[in-house]
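Student: To start, I am sharing the structure in question, which I have written as structure tokens.
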Amino acid sequence: MFSESIINNIRSCAKEMDQTRSVPKELVEWMFKEKLFKLFVPEELGGKLLGLPAALRVFEKMSEIEGNIGWLSAIGSGGGMFVPYIQKEQADILFDDEKAVIAGSGYPQGTAKKVQGGFLVTGEWKYCSGAEFASFFTANSIKDDGEVTSFIFMPEQVEILHDWQAFGLKSTGSHTIRVKDAFVPEEKTFDLTRKQNEYDGFVHTFPFIPFSQATFTSVCLGIAAHFQQEAEAIASRRFKEGASHFEKVLVAAQEKGTELEKDRADFYKELDLLWADHLTGKPLTLEQEDHFSGTCKQAVHDAIGRSGSIIRCLGMEAIMEDSAINKIWRDLYTAGQHAFITP
């Protein structure tokens, strides 16, 4: 998908990103240019509107290149799922920009007081990945009547608290956002059960929970693949340097890599079948959703378990925070901690 020089360039930024907790501006600009935040945005608005299987393979590849970039691509593109539910005039304005990207939260929090022409919204929302370069924000809040509605905030209305202190995925900018008495006009509210334009594609009607689980699983599989590559490289290097027991470590790591590839194949086989049913208009059954949920959770659980067993064999290098393998391991554990894919 991307040249070796691009991959090497991105990976050369990884250590700096981990230390500074931010993505270099030029790398963010490259992501905008490649439309990595607009995979579910229609072409009319400058997006790619990929099907879910194709998009997941992009997320996986980006995560294999660098975990933070993969996570941000997945979360940023996920915001494109809102396009059909936003008033058309607003969607045209908000998404047409090449640098359009949402940060936000689906957790219902805060209050929304009805006023003339809209609402006054006050609240805080955690884990808003991409907050530092978002062109606008979305969050769910509770109205006076007790109903939950989605609100759109512009950057000047939002305070970013810079409280993302996780030990992995450090540069995703997954900070808490805060608004206080932010006026949101009626046209900047939306409801994910009510379409307001004709920009939708098949991906926009795929069930939300399987969509989310598939997205996070693809990210974890990509990071896990990068971990395997780095682990095998370390074991091979140490063996060539004369540490004879690393021959066994290399064999063990390669066996773990084979297991990972099987999990990956099983994941995509099941996902592709669900997607094929969806394209024909056949609803996913609860049994299908439950089985796929189990597939996702088990794949992530096994990937994390394998990385933990391998890192124990890689010596002191692996526990140093400035080593590549340590960063990848921390990124994998952090990505796998999302509620949709924990056991």
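Student: I'd like the distance between the alpha-carbon centres of the stretch 72-87 and the stretch 236-308, rounded to an integer number of Å.
Tutor: First find each Cα centre; the distance between them is then 27 Å.
Student: Would you calculate the separation in nanometres between label points at S236 and E89, each defined as 7 Å from the Cα along the Cα-to-beta-carbon direction?
Tutor: 6.0 nm
Student: Along the positive direction of the dipole of the stretch 105-190 (beta-carbon charges: Lys, Arg +1; Asp, Glu -1; about the Cα centre), which of T176, P155, G110 reaches farthest?
Tutor: So the residue furthest toward the plus end is T176.
Student: Would you mind checking the pairs K33/K256; K170/K297; K15/K38; K126/K297; K188/K297 and listing those with alpha carbons more than 29 angstrom apart?
Tutor: Pairs exceeding 29 Å: K33/K256; K188/K297.
Student: With N set to the residue count of the stretch 101-259, report its C-alpha Rg divided by 2.2 N^0.38 Å to two decimal places.
Tutor: Details: Rg = 22.5 Å, N = 159, 2.2 N^0.38 = 15.1 Å.
Expressed relative to 2.2 N^0.38 Å, the Cα Rg reads 1.49.
Student: Going from the alpha-carbon gyration tensor of the stretch 105-190, what semi-axes, largest first and in whole Å, does one get by taking the root of 5 times each eigenvalue?
Tutor: 24, 12, 10
Student: Still on this structure, please answer the following. Over the chain, one equal point on each Cα, no solvent: what is log10 I(q)/I(0) by the Debye formula at q = 0.10, 0.14 Å⁻¹?
Tutor: -0.61, -1.14
Student: Counting other beta carbons within 10 Å of each residue's own, what order do R11, R312 fall into, fewest first?
Tutor: R312, R11
Student: From the backbone phi of the stretch 112-122, what are the Karplus-calculated ³J(HN,Hα) couplings (6.51 cos²θ - 1.76 cosθ + 1.60, θ = phi - 60°) in whole Hz, Gly and Pro given as x?
Tutor: 10, 8, 6, 9, 4, x, x, 9, 9, 10, 9
Student: Straight-line reach from K114: which aspartates and glutamates have Cα under 20 Å away, leaving out those fewer than 8 places along the same chain?
Tutor: Candidates past the 8-residue exclusion: E124, D144, D145, E147, D181, E186, E187, D191.
Student: Then there is this: When DSSP beta bridges are limited to those with both residues in the stretch 105-190, what percentage is antiparallel, rounded to the nearest 5?
Tutor: Around 90 percent antiparallel, to the nearest 5.
Student: Follow-up question, since we're still on this one. Relative to 2.2 N^0.38 Å, what does the C-alpha radius of gyration of the stretch 206-341 come to as a ratio? Two decimals please.
Tutor: Numbers: Rg = 17.2 Å, N = 136, 2.2 N^0.38 = 14.2 Å.
The stretch 206-341 yields a ratio of 1.21.
Student: What nm distance separates the two modelled labels at S309 and H162, each placed 7 Å from Cα along Cα→Cβ?
Tutor: Inter-label distance under the simple model: 4.3 nm.
Student: Using a Cα-Cα cut-off of under 18 Å, which lysines could be cross-linked to K35, ignoring same-chain neighbours fewer than 8 residues away?
Tutor: Answer for K35, where 18 Å is the Cα cut-off: K25, K48, K61, K99, listed by chain and number.
Student: Taking the Cα centre of the stretch 230-343 as the origin, how large is its charge dipole in debye, to the nearest 20, when only Lys and Arg (+1) and Asp and Glu (-1) carry charge on their Cβ atoms? All intermediate terms of the calculation are to be shown ahead of the outcome.
Tutor: On the way: 14 positive and 20 negative charges, 74 e Å.
In total the dipole reaches around 360 debye.
Student: What is the local net charge at S174, summed over the other residues whose Cβ is closer than 15 Å to its Cβ (Lys, Arg +1; Asp, Glu -1)?
Tutor: Taking every other residue near S174 into account, the sum is 0.
Student: For the pair H245 and D322, how long in nm is the line joining their label points, each one 7 Å along Cα→Cβ?
Tutor: Computed distance between label sites H245 and D322 equals 2.7 nm.
Student: Next question. Tally Lys and Arg at +1 and Asp and Glu at -1 over the other residues with C-beta under 13 Å from the C-beta of S150: what net charge comes out?
Tutor: So the environment of S150 carries a net charge of -1.
Student: Follow-up. What length, rounded to one decimal in nm, is gained on full extension from F2 through to T205, with 0.36 nm per residue of separation minus their alpha-carbon distance?
Tutor: Once the chain is fully extended between F2 and T205, it gains 70.1 nm.
Student: Mean residue ellipticity at 222 nm from the helices of the chain, using -39,500 (n - 2.57) per DSSP H segment of n ≥ 4 over the full residue count, to the nearest 500 deg cm²/dmol?
Tutor: Mean residue ellipticity at 222 nm (helix-derived): -16000 deg cm²/dmol.
Student: Give the lysines reachable from K195 as a straight Cα distance under 18 Å; neighbours fewer than 8 places away on the same chain don't count.
Tutor: Of all the lysines, those that pass the test against K195 - Cα under 18 Å, at least 8 places apart if same chain - are K88.
Student: Looking at the stretch 10-161, what % of its DSSP beta bridges pair antiparallel, to the nearest 5?
Tutor: 65 percent
Student: When E247, E156, E26, E132 are ordered from fewest to most other Cβ atoms inside 10 Å of their Cβ, what list results?
Tutor: Placing the least packed residue first, the sequence is E156, E26, E247, E132.
Student: Moving on. Rounded to the nearest 20 Debye, what is the dipole magnitude of the stretch 4-83 about its Cα centre when Lys and Arg each give +1 and Asp and Glu each give -1 at the C-beta? Could you put the intermediate results ahead of the total?
Tutor: Working: 10 positive and 11 negative charges, 18 e Å.
The dipole of the stretch 4-83 has a size of about 80 debye.
Student: Let's see if you can work this out: charge +1 on each Lys and Arg Cβ, -1 on each Asp and Glu Cβ, no other charges. What is the dipole magnitude of the chain about its Cα centre, in debye to the nearest 20?
Tutor: 600 debye
Student: Which listed residue (S244, I310, A166) has the Cα farthest towards the positive end of the charge dipole for the chain, taking +1 on Lys and Arg C-beta and -1 on Asp and Glu C-beta about the Cα centre?
Tutor: The one lying farthest along the dipole's positive direction is S244.
Student: Using every pair of alpha-carbon atoms in the stretch 4-83, split the distances into 10 Å bins beginning at 0 and state the percent of pairs per bin, rounded to integers.
Tutor: Over the stretch 4-83, the share of Cα pairs per 10 Å bin runs 19, 52, 25, 4 percent.
All of the numbers you see were taken from the coordinates with simple rules; none came from a lab. Model, not experiment: these values are computed from the prediction. So basically every Cβ, Gly included, is an ideal-geometry build from the backbone, and we count neighbours across all protein chains shown.
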